[in-house]
Amino acid sequence: LINIFLGNIIILKKDKLGGGSDVEFIYNLILILKPKKIIEFGVANGWSTLSILEGLKKNRSGELTSIDMPYYLQNKTSLIGNLLKGKNFKNWKLFIEPQVNFLFRMKDKKYDFCHYDSDKSYQGRMLAYDKVLKNLKKKGILLSDDISDNMAFFDFCSLKEKKPFIIKYKKKFLGLVVK
């Protein structure tokens, strides 16, 4: 299977992880907002990771920190970010660990942008959203994928008195909130 992605040809491997989010939207957000420090929870094949990194490349600045765990049924860390294999992004760090470990190590680190596509449980999202929002700079962006899985994103926005922006992509929804 060959796909055209942001001007690059990518050959997908046989191993299938999660599908891509609205990568064009993410890419354009990176181009427009020009964030310098980005954090991403959930990589899978690396669709969103690649769109972020290509946006940073075009902007000629910025760095991405990604956190993910191998899919528990396959337990293959080598599959994480397989769309990026063979590419050299010096501005990308990948941590393979539970998101909760990284969340509690974030402490005073500040980010301009967060793409969240990790723990899909209500409790996991509520914990992550809270920690991420605290670590976003003023006017920082939290973009969350698959928000229709449960009410966590909407409840979180209500609790924090934030106006959510909802983006429909195919049959899924993304949520965006500004700090």
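Return a yes/no flag: does region 155-164 have any residue that is touching a residue at least 24 places away in the same chain (Cβ under 8 Å), closer than 23 Å to Ser51 by Cα and out of contact with any Asp or Glu (no Cβ under 6 Å at 6 or more places or on another chain). No: zero hits. Residues in region 110-132: is at least one within 22 Å of Leu33 (Cα to Cα), touching a residue at least 40 places away in the same chain (Cβ under 8 Å) and basic (Lys, Arg)? For region 110-132, residues within 22 Å of Leu33 (Cα to Cα), touching a residue at least 40 places away in the same chain (Cβ under 8 Å) and basic (Lys, Arg): present. Identify all residues within region 21-68 that are of a type in the set (A, V, I, L, M) and in contact (Cβ under 8 Å) with a residue 40 or more places away in the chain; write none if there are none. Across region 21-68, the qualifying residues are Ile26, Leu29, Ile30, Leu33, Ile38, Ile39, Val43, Ala44, Leu50, Ile52, Ile67. If you go through region 75-105 and keep only what is touching a strand residue (DSSP E or B) at 6+ places or on another chain (Cβ under 8 Å), under 14 Å from Ile39 (Cβ atoms) and surrounded by 13 or more Cβ atoms within 10 Å (Cβ to Cβ), you end up with Asn91, Trp92, Leu94, Phe95, Gln99, Phe102. Note on region 147-179: residues that are assigned to a strand (DSSP E or B) and open to solvent by less than 10 Å² (accessible area, probe 1.4 Å) total 3.
Checking the stated criteria, Glu24 turns out not to satisfy the condition of being in contact with a strand residue (DSSP E or B) (Cβ under 8 Å, 6 or more places away or on another chain), in a helix (DSSP H, G or I) and among the charged types (D, E, K, R). Lys134 passes every criterion in (1) on the phi < 0 side of the Ramachandran plot; (2) surrounded by 14 or more Cβ atoms within 10 Å (Cβ to Cβ); (3) modelled with pLDDT of 95 or more apart from (2).
The values are calculated or read from the model by the stated rules, or taken from the named source; none is laboratory data. Owing to the predicted nature of the structure, the values given are computational and were not obtained by experimental measurement. Backbone-built Cβ (ideal geometry, glycine too); neighbour counts: all protein chains shown. These accessible areas exclude ligands, DNA and RNA; they are computed on the full protein's heavy atoms, side chains included. Shrake-Rupley method; radii C 1.70, N 1.55, O 1.52, S 1.80 Å.
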